[in-house]
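The values are calculated or read from the model by the stated rules, or taken from the named source; none is laboratory data. Bear in mind the structure is a predicted one, so any value in this text is a computation, not a measurement. Backbone-built Cβ (ideal geometry, glycine too); neighbour counts: all protein chains shown.
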Amino acid sequence: MLEIKDLHAGIEGKEILKGISLTVNAGEVHAIMGPNGSGKSTLSKVLAGHPQYEVTGGSIAYEANFKKLELTGMEPDQRAREGIFLAFQYPVEIPGVSSSVFLRAAFNAICRHQGAEEMDPIDFDKYVREKMKLLQMDDKFLDRPVNVDFSGGEKKRNEILQMAVLNPRLAVLDETDSGLDIDSMKIVAEGVNKLRRKDNAVIVITHYQRLLNYIQPDFVHILYDGKIVRSEGRELALEVENRGYDWLIKR
Amino acid sequence: MTQQQMPLNIEGLQEYQSKLSGNSNGWLKTFRQKSFDQWSAEPMPTPKDEEWKYTSLADVINRRFQLARRHQLVEDRQFENYRSRADINVVLVNGVLWGELSNLKDLPPGLKISSFNEALGHGSDEIRDTVSKLTPNDSKPFLWMNQALFLDGAFIRVMPEAEIGPLVHIIHVTSGILPDTVVFPRTFISVGESASVDILESHISFEPVSYLSNAVTDIRIAANAMVGFCKTQAEAHQAVHVGTTRIWQEAASYLDSFSFNFGGRLVRNNLSVLIKGEATRTVMNGLYGIDGNQHVDNHTLLDIQHPNCTSYQLYKGLLNGKSRAVFNGKIYVHAQAQKTDAYQLNKHLLLGKEARVDTKPQLEIFADDVKCTHGATIGQLNEEEIFYLQSRCIPRPTAIQLMSKGFIDDIINTIKSDSIRAKLGRLLLKKFPEIKL
């Protein structure tokens, strides 16, 4: 589904990713862990196509719906319509734009892209409310402007709601557990788990292993100084929990 | 006889003025003459005046103006689209009340509407009392010119305790004029104790003709009354509008005001609210949506002379093209006005790269136990917000539409009257089709 080869990328001339290679297949969950400043968030932004980050080398091949695409050079909205979803570490507030208008605009953009008809507003409302129930979200949420005055937990739940509504092929969760209390984290993790299928994949980016107790990864990668320094099964996450990162990076 | 050099060059002024003077009597005659003398003696403001620093009237001063000869609506199709049957419409064409276009019969109990002249003819002391109490604000020459030369006006009276359900819509339409005509719309509103009413004052024109509208509105709000007041200005691209709105607020009254500027080449609004009693609540919101070479200047003054008053002010500007906006928000808190709680914010969204904004909050506080905050922002669309929307499948142009519409909706939604909101929404869509979703 995703094949990253020798990816180099940075911001304002400063190289942050220094040759990352990673293959993700449909049905898999990958965790990317690493200390602060190792390039985890940069990787997520580069995958989503943030305009401030510049890819200086390598490639990101993506395959979904029998289409093979090279992501570098594609606009963020094109990538999203092809099934890439980034759950933001810091979801952005959009004053004046109600959540319901926003969700429908996003959903309809996919419908049009796939050549399908837009969903009837009443049916869409029903569809969204079902997903909201899954995440135990308040009914009034739909009338509120996107993320404005949301608590940290509400913002993160909103990210997963958007994921549920858009039904992506490849979801990248950037520090989705940060700022969440244990109950909210369980709800969010359960939401993600319910969306797992054989034909989609999830990349979980996290500093701590606690989220991985709830979203169990098939592979764990340690990112340090812009490179993946170790890749193993899920037991690696527990080892990091016990021993920290130092033993992995000081050789 | 040599003709006196007037601050504004108006053809046939002497003849017009002597006719006006002949038709007035008593108090009005003196009032007009005094205003005329004051106006004659005061030069027109220039950018050297602090209050006119960013707004030049050079083009106005150098023109020769006509007086309106006819007061008849020429373009009526667009006019009909603009007004709605559910409202109580008070229509003035080039400053003169036009009964056939208005519904002045079968008014709800407690609401009285007449022309200014008729009210004065019946010896209404109310207008005289209030007008003499209100002090001129930052555009004295225009106020005096209006007082000296206005032909007629609308007089709206809400009796004490009356609750007026439908929207009172005062429509000042400029129509059927020669190029470079000057008109003097005049409105007077008096809301009695514990009464409530929603009023929209619209200034519109549909013919592409240049003119100067020098509009004055005086509003007196008695104790415990609740007033929603919105002034909308959506005039021809060639028009210049200088508006003076003076509001007098008595104890425990509530004013929810909104100023909407939209059309015209040059617009200057002077809104002043005088707080003349304790525990008042005042909302002064506004929105300007401009493009091309339009210039909109809003000067507001909130003069708080009594304790325990609260005020909230949010002005927003959406600027496209090379348009220019000026905002100057003065809040004056007198020494005795303790426990004042005043909030002021002025926000702009610049869609045009060459658009320009000059914004200046001006708080003068002489009381020591008050809470006053203010702020101003000028910005282009936030790239992080655009990226967020794009990352949710939304193409960039749609993201920009959504955010611009959001910027506007945020403030339009503070207007409580559905009828006003719908009208403003329609106007905005016509001008910024890019916000339609």
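Observations on the model:
- Taking each residue of region B:392-408 that is without any contact (Cβ under 8 Å) to a residue 40 or more places away in the chain and looking for partners that are β-branched (V, I, T) with beta-carbon atoms closer than 6 Å, six or more apart or interchain, yields B:C393/A:I110; B:A399/B:I386; B:Q401/B:I435; B:L402/A:V97; B:K405/B:I435; B:G406/A:V97.
- Hey, B:I420 of a type in the set (V, I, T) and either within 13 Å of chain A (Cβ to nearest Cβ) or outside any helix (DSSP H, G or I) (or both) or not: no
- Among residues of region B:321-349, those that are closer than 26 Å to B:D369 by Cβ, basic (K, R) and under 20 Å from the mean Cα position of the chain (by Cα), counted: 1
- Residues of region B:317-375 satisfying the condition of being closer than 19 Å to B:T300 by Cα, out of contact with any Gly (no Cβ under 9 Å at 6 or more places or on another chain) and among the polar types (S, T, N, Q): B:N328, B:T340, B:T373
- Residue selected from region A:49-70 under the condition outside any strand (DSSP E or B) and not aromatic (F, W, Y), by the criterion farthest from the other protein chains (Cβ to nearest Cβ): A:N65
- Checking A:K198 against (1) surrounded by 18 or more Cβ atoms within 10 Å (Cβ to Cβ); (2) not in a helix (DSSP H, G or I), the condition it does not meet: (1)
- Of all residues in region B:77-102, those that are over 20 Å from B:R426 (Cβ atoms) have Cβ atoms under 8 Å from Cβ atoms of residues that are of a type in the set (D, E) and crowded, with 19+ Cβ neighbours inside 10 Å, 6 or more apart or on another chain, in B:L92/B:D152; B:G95/B:D152; B:V96/B:D152; B:L97/B:D152.
- Verdict on B:S56 being part of a loop (DSSP other than H, G, I, E, B) and either polar (S, T, N, Q) or within 18 Å of B:A154 (Cβ to Cβ) (or both): yes
- Considering A:G96, A:G73, the condition of being at positive phi, out of contact with any Cys (no Cβ under 7 Å at 6 or more places or on another chain) and within 8 Å of chain B (Cβ to nearest Cβ) is satisfied by A:G96 alone.
- Sole residue being in a loop (DSSP other than H, G, I, E, B), more than 12 Å from chain A (Cβ to nearest Cβ) and farther than 30 Å from A:V172 by Cα, chosen from B:K339, B:K330: B:K339
- Scope region B:185-220; condition buried (at least 24 other Cβ atoms within 10 Å of the Cβ) and assigned to a loop (DSSP other than H, G, I, E, B); matching residues: B:P185, B:A195, B:S205
- When we screen B:S311, B:S272, B:S257, B:S253 for residues that are outside the structural domain of B:F229 (by TED's automatic domain parsing) and buried (at least 21 other Cβ atoms within 10 Å of the Cβ), the only hit is B:S311.
- Among the residues of region B:35-45, those identified as in contact (Cβ under 8 Å) with a residue 12 or more places away in the chain and not charged (D, E, K, R) are B:S35, B:F36, B:Q38, B:W39, B:S40, B:P43, B:M44, B:P45.
- Contacts under 9 angstrom Cβ, first residue in region B:221-234 being within 16 Å of B:S257 (Cα to Cα), partner assigned to a loop (DSSP other than H, G, I, E, B) and among the aromatic types (F, W, Y), 6 or more apart: B:T232/B:F262; B:Q233/B:F262
- Options B:S84, B:S132: the member that is in contact with a Ser or Thr (Cβ under 8 Å, 6 or more places away or on another chain) and either assigned to a loop (DSSP other than H, G, I, E, B) or exposed (fewer than 14 other Cβ atoms within 10 Å of the Cβ) (or both): B:S84
- Any hit, region A:23-41, residues being within 17 Å of B:P395 (Cα to Cα) and more than 9 Å from chain B (Cβ to nearest Cβ): no
- Selection from region A:76-93 of residues that are surrounded by fewer than 21 Cβ atoms within 10 Å (Cβ to Cβ) and either in contact with a Cys (Cβ under 6 Å, 6 or more places away or on another chain) or within 7 Å of another protein chain (Cβ to nearest Cβ) (or both): A:V92
- In region B:405-416 there is at least one residue matching the filter, namely being away from every other protein chain (no Cβ under 12 Å) and touching a strand residue (DSSP E or B) at 6+ places or on another chain (Cβ under 9 Å).
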